[in-house]
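*Asks:* Pasting a structure below so you can have a look.
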Amino acid sequence: MPTNFNTLKNLYDNNQFVDLINDPDGIYWLKLRSISRAPQLRELCRRAGIDYEGIGYRQLFKHIYDNRPKEQAIEELIKDLYEEERGKRRESEDYLISQLYQMKVFDWGGLYQNSLERTIVNNYVKQIQGWDELNSAIDNEIHMSMQGYVRCSWYNHWTSIIIEDIFKDHPKVLPAVGRVKKVDFFITDFPYDLKVTYFPDGYMKELRKDAGLRPEFTELKGFCRQDRDKSKRELFPELLAKISEYPTGSARDFIQSFEATRKQFVRSTIQDPTRLKIWLYENQGVRRFDAASRFYLILVDIDNLEESWRLKRNKKLLADTINSHLDQVSREHIEKLGINFDWQGRLYETYADILFVVVRR
């Protein structure tokens, strides 16, 4: 007898993802869940001969699950829907990639992702009393910062779609259709939430601390005797560039040692990424927390970590690396990906794959 719909829903809602995946009906439930829109669910009903008259959207998912259409029918619909969307994007992909290469600098302008409103309120609304001063700030500082914010958001949006399509085009991958929380695709029938990121500053700081070293930013400021009141995002690249270009033996020795330490930590992490996977789960933002199985794609310019953002538009490098990895993935590989992590005093179990896309200049 199939597992009760609400039992599986509770596992999904309560971040008991391993229990959901291991349930005999868990993957089937997730595949249905990955069809997110009412017209798509009704199309599945039509294909499977399920009567849906009088069934509202909120009840439609459960109604279909209880009527048990064949899994093959679900997968065929997903593939058809994805190919319809993908075909439109494929026509303009070369143009899009050429436009992404117009991005010369990746600078949020101080208005960082997920904190736009807070940054404006804290730095302008609550700090400025004069009307003329406020309008001057809007015309100059906020206007320029907003440009950077929009450009970076645009770049992240379209590069993320290109990367997802590389995964979803692979024959071992079944896409999720639409925007569905916790599942972007299935690899050999196993669900993953894709996370694309760079080598984390916080993780580098932790590795340096374990080695008895000060944080990178502290080291740079100490060498430059720099204590100006600037944020790390603003000052870090400035100091790094100054030391790299400073024509003295001490600056050359410092930067060689600094970069060698970076590379050592990056390479050791690539060789054994388990600790990084756990760190990424344990350092999620509270509002976005979940314990879903994830596929981490880590982009690394090993000679200049600050320029790793450029790799998000390098489709050939991305496709070669991702497809080579997917070609080797098997159920045996996936079964070895289990990890445990702690979140606010509670122990969670999940699965996480990780792939590094590395460029050396």
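What follows is calculated from the coordinates using simple rules that are stated; it is not laboratory data. On a predicted model such as this, the values are computed, not experimentally measured, just so you know. Neighbour counts are summed over all protein chains in view; Cβ atoms, including those assigned to glycine, are modelled from backbone coordinates with ideal geometry.
*Asks:* Which value, in debye to the nearest 20, describes the size of the charge dipole of the stretch 204-266 about its Cα centre when Lys and Arg Cβ atoms bear +1, Asp and Glu Cβ atoms bear -1, and nothing else is charged?
*Replies:* The dipole magnitude comes to about 100 debye.
*Asks:* Let me ask something additional. Non-local amide H neighbours of Tyr198 (under 5 Å, H modeled in plane, Pro and chain starts lacking H): which ones?
*Replies:* Sorted by chain and number, the residues that satisfy this are Leu299.
*Asks:* State, to one decimal in nm, how far the label point of Lys232 lies from the label point of Thr274, with both points 7 Å from Cα in the Cβ direction.
*Replies:* Calculated label separation equals 2.7 nm.
*Asks:* Specify the angular offset, from 0 to 90 degrees and rounded to the nearest 10, of the alpha carbon long axis of helix 249-271 from the longest principal axis of the alpha carbons in the chain.
*Replies:* 10 degrees
*Asks:* Then there's this: Rank these for me by crowding, His333, His170, going from fewest to most other beta carbons within 10 Å.
*Replies:* Neighbour counts put them in this order, fewest first: His333, His170.
*Asks:* Show me the ranking of peptides 132-141, 86-95 by mean Cβ neighbours inside 10 Å, starting with the highest.
*Replies:* So the order, starting with the most tightly packed, is 132-141, 86-95.
*Asks:* Still on this structure, please answer the following. With both bridge residues required to lie in the chain, what share of the DSSP beta bridges run antiparallel, to the nearest 5%?
*Replies:* 45 percent
*Asks:* Oh, and also: Test of understanding: what is the full-extension gain from Gln264 to Arg89, defined as 0.36 nm times their sequence separation minus their Cα-Cα distance?
*Replies:* Between Gln264 and Arg89, full extension yields an extra 59.0 nm.
*Asks:* Output the peptides 121-130, 204-213 sorted from most to least packed, where packing is the average of other Cβ atoms within 10 Å over each peptide's residues.
*Replies:* Put in order of decreasing packing, that is 204-213, 121-130.
*Asks:* Another question about this same structure. Describe numerically, in nm with one decimal, the distance between label points set 7 Å from Cα along Cα→Cβ at Ile339 and at Asn156.
*Replies:* Spacing of the two 7 Å Cα→Cβ label points: 2.1 nm.
*Asks:* Hand me the trypsin sites (Lys or Arg not before Pro) from the stretch 250-349 located in a DSSP loop with no more than 12 other Cβ atoms within 10 Å, in residue order please.
*Replies:* When the trypsin sites (Lys or Arg not before Pro) of the stretch 250-349 are filtered for loop state and at most 12 Cβ neighbours within 10 Å, Lys336 remain.
*Asks:* For Lys31, go through the lysines and keep the ones whose alpha-carbon is under 20 Å away, minus same-chain ones fewer than eight residues off.
*Replies:* Those lysines meeting the cut-off are Lys9, Lys62, Lys70, Lys79, Lys168, Lys172, Lys181, Lys182, Lys195.
*Asks:* Give the lysines whose C-alpha is closer than 29 Å to that of Lys221, dropping any in the same chain fewer than 8 places away, or say none.
*Replies:* Lys104, Lys205, Lys209, Lys230, Lys232, Lys242, Lys263
*Asks:* Quick one: if the Förster radius is 35 Å, what FRET efficiency do Lys316 and His143 give, using the C-beta to C-beta distance and rounding to 0.05?
*Replies:* E(calc), rounded to 0.05, equals 0.45.
*Asks:* Separate question: Taking every pair of Cα atoms in the stretch 54-129, average 1/r, invert it to obtain the Kirkwood radius, and report Rg/Rh to two decimals.
*Replies:* 1.27
*Asks:* Is it possible to state the helix-based mean residue ellipticity at 222 nm for the chain, with each DSSP H run of 4+ residues giving -39500 (n - 2.57), the sum divided by total residues, to the nearest 500 deg cm²/dmol? What is it?
*Replies:* -17000 deg cm²/dmol
*Asks:* What is the angle, in °, between the Cα long axis of helix 143-168 and the longest principal axis of the Cα atoms in the chain? Nearest 10 is fine, range 0 to 90.
*Replies:* It is inclined by approximately 40 degrees.
*Asks:* Okay, next question. Full-extension gain between Gln328 and Tyr203, please, as 0.36 nm times their residue separation minus the C-alpha to C-alpha distance.
*Replies:* Full-extension gain reported as 42.2 nm.
*Asks:* Once both labels are modelled 7 Å past Cα along the beta-carbon direction, what's the Gln127-Thr248 spacing in nm?
*Replies:* Going from the Gln127 label point to the Thr248 one covers 3.2 nm.
*Asks:* Out of these labelled values of Rg and Dmax of the Cα atoms in Å, (i) 22.0, 75; (ii) 23.8, 79; (iii) 21.6, 83, which was calculated from the coordinates shown here?
*Replies:* (ii)
*Asks:* Roughly how many whole Å is it from the C-alpha centroid of the stretch 152-193 to that of the stretch 119-141?
*Replies:* Comparing the Cα centres of the stretch 152-193 and the stretch 119-141, I get a distance of 40 Å.
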